Structure formats: C-alpha cells, structure tokens
1. Name the single residue, out of those in the range 190-214 being open to solvent by less than 60 Å² (accessible area, probe 1.4 Å) and in a helix (DSSP H, G or I), that is modelled with the lowest pLDDT.
2. Name the residues in the range 34-66 that are of a type outside the set (Val, Ile, Thr), part of a helix (DSSP H, G or I) and either surrounded by 18 or more Cβ atoms within 10 Å (Cβ to Cβ) or modelled with pLDDT under 95 (or both), would you?
3. What's the total number of residues in the range 17-26 that are at pLDDT 95 or above and not charged (D, E, K, R)?
4. Would you check which residues across the range 215-241 are more than 18 Å from the chain's Cα centre (by Cα), within 22 Å of Thr262 (Cβ to Cβ) and assigned to a helix (DSSP H, G or I) and list them?
5. Collect the residues in the range 90-111 that are surrounded by fewer than 19 Cβ atoms within 10 Å (Cβ to Cβ) and either assigned to a helix (DSSP H, G or I) or touching a Cys at 6+ places or on another chain (Cβ under 7 Å) (or both), keeping them in residue-number order.
6. Suppose we filter the range 79-106 for residues that are among the aliphatic types (A, V, I, L, M) and closer than 13 Å to Ser10 by Cα; how many remain?
7. Among residues belonging to the range 148-171 that are in contact with a Ser or Thr (Cβ under 8 Å, 6 or more places away or on another chain) and open to solvent by 10 Å² or more (accessible area, probe 1.4 Å), point out the one that is farthest from Pro251 (Cα to Cα).
8. Among the residues of the range 112-134, write down those that are within 12 Å of the chain's Cα centre (by Cα) and open to solvent by 10 Å² or more (accessible area, probe 1.4 Å).
Amino acid sequence: MRLGVIDVGSNTVHLLIVDAHPGASPVPYHSQRATLRLMRYLDEEGCITEEGQQLIIGAIRDAVETVARIGVDDLIATATSAIREAPNGEQVLARAEQEAGVILQVLSGEDEARITMLAVRRWLGWSAGEILLFDIGGGSFEIAQGADEYPDVSLSVPLGAGRSTINFLREDPPPREAVSLLRAHSRQVLTEARDTMFSDRPAPTRVVGTSKTIRSLGRLIGGPPNPVTGELAPLHYTGLREWEPTLREMPGSVREYLPGITPERGYQILAGAIVLRTAMKVFGVETLTVSPWALREGIVLRYIDQLDGTGATPPGA
C-alpha cells in the first residue's frame, strides 16, 4: 500500500509518501518539505500570527495537491509542539480542516517520544538493548528510555533548537553571554529531568539521537554516511565541543553552507548544538548513535502494525 504522512512541525511541513506493507521496511517514494520557522511567527502571548497561519495552510495545501497527484491509499496528518502549545492552536487546526481539507492529529511530547522510540527500535533491532533517546525538534526536546519498542519513561522539555534560538540567541552571531545563559538554562532543565524521571533507570546500552538537527550535526562532525551500508556516522561529545566555538562565531547565513547543514537549519543549529552537548554532559554520554528513522517513520510503522493486528497503539497516542 502507499501511505502519506504530513508532519506539521515547528520548522517545516514535511510530506513523506512511502510504499509499505506488514513485515517489510517502508520504502520512501516521495518527500517534500516547506520551511516554516514558526518560532518567528509567535506574538507576545505565544499565539501563531496570521502570517504564520497562512504559511502553515499554504504548505499543507501544497502537500495535499502532491498527494492527490501521486495517489495514496491513506493519509495521516499530525502536528507537534508549535501548534499544541500555541494558545490559538485550536483556531489553526480548524483553519487547516476548513481551508486545506486536512484534520491534524495533535501529538503530545510524550507521544512523539514513544512513536520515535518505535522507529529507532525497529531500525537498530533488539540487540541495541536499553536505549536512551534524544530527539531535538524545533520547539521541544523529547527524551525517552526503555528496552522495548515503546519506552518505559519519556518526557518533553521546551528546549527545541528553534525555540532556544528565539529565546536566547536572537543576535546573529550571538554574544558569549547569551550562549552561557542558554547553556545554564538547559543544564537546569535537563538536570531536573534526569533526577526526577531517569535516576532509577539502568545504564543504557545505546544512546541514540534523531531529528534533523542531530542528523545535521552528525554529518558536520562525524562525516558522511558509510557509502556501502548507508549507516550514519556516530556523533562524539568531543567533536561537538570542538565545533561549538566555530559555530558560535559564524552568522546563520554562513553556517548553512557547512556540510550537512541545510538553509532552514543554519540559523538554529548553534542552539541545537548547545542543547545537545549539555544533554550529553548531564546524562554522561560520550558517543551518540544517529538514527535516520524518527517520528514520521514511527507513524508509518505503527499504522502498519495496526493493519496487521500485530502491534498495539501506545497509550495516549
């Protein structure tokens, strides 16, 4: 069957179309994304402005047109932190249904973590053992841990790369004081998360990072994928520490020309690097395995499991 997934995130509206059936790996057929950077379109109350709403609706319409042209057996549309946390999020959802004909399912941060863990587990297999997962989006940072397909503990904190940029690194490039403030804030939030949610968890067998921000940093620091297997290079704490000062001195318009950094990520990759390095420090992580599968692949896998009757929907999703 051919399945379409529209993912309305904080940074992009991403359409992924895959060919999939029970027992097989989903095969990508088409992918397209529209850059949003919704954190730039929030007013003082955190509401998405009219300009931001028009960007969302326009991108969804473009995705729907592509779906109609290609043809799919089913279409799933989801929204994450930017819409779920906006006071006028319900208005945006209503407009998406009325003006673009799409009903968006709003995922909680915990749902994002659970579904992403499913994708990572299927990618790495059971031999990966106890997995600690870091997933940095535009608005939020999901952390999860467990030894099964769905995590035993998961949470979402407001440390996404776009949100952290807008809240702390508005100057481009930012002064050292701003970087220090973001690092201190991240350390406080992540230390509390570690101590309250993860203190009684066993040491992970594998620490895994996913999302475009982490994949971009992995490509920049670790190099290109293995040309034979396609496996992504691991991301080492020491490499991240060495690259951070260079990223700090560059404006976003220059960062986007670095290996692995796309134009829509150049302005926020520094914040992502700071938050990720802080997370690795707080959780005592030296090396991060980078997974190419994340939320969208998890949505596809969960859908197929339900069709086949072999999988269960994670609680709350």
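1. Looking at residues that are open to solvent by less than 60 Å² (accessible area, probe 1.4 Å) and in a helix (DSSP H, G or I), I get Lys212.
2. Result: Leu38, Met39, Arg40, Tyr41, Gly52, Gln53, Leu55, Ala59, Ala63.
3. The total comes to 2.
4. If the condition is that a residue be more than 18 Å from the chain's Cα centre (by Cα), within 22 Å of Thr262 (Cβ to Cβ) and assigned to a helix (DSSP H, G or I), then Ile221, Gly222, Gly239, Leu240 are the ones that fit.
5. Answer for the range 90-111, where residues must be surrounded by fewer than 19 Cβ atoms within 10 Å (Cβ to Cβ) and either assigned to a helix (DSSP H, G or I) or touching a Cys at 6+ places or on another chain (Cβ under 7 Å) (or both): Glu90, Gln91, Ala94, Arg95, Glu97, Gln98, Glu99.
6. Going through the range 79-106 one residue at a time, the tally reaches 5.
7. Top of the filtered list is Ser156.
8. Glu112
The values are calculated or read from the model by the stated rules, or taken from the named source; none is laboratory data. Since this is a predicted model, take the numbers as computed values, not measurements. Glycine also receives a Cβ, built like all others from the backbone with ideal geometry; neighbour counts cover every protein chain displayed. Quick note on the areas: whole protein, heavy atoms, side chains included, nothing else; ligands and nucleic acids left out. Shrake-Rupley method; radii C 1.70, N 1.55, O 1.52, S 1.80 Å.
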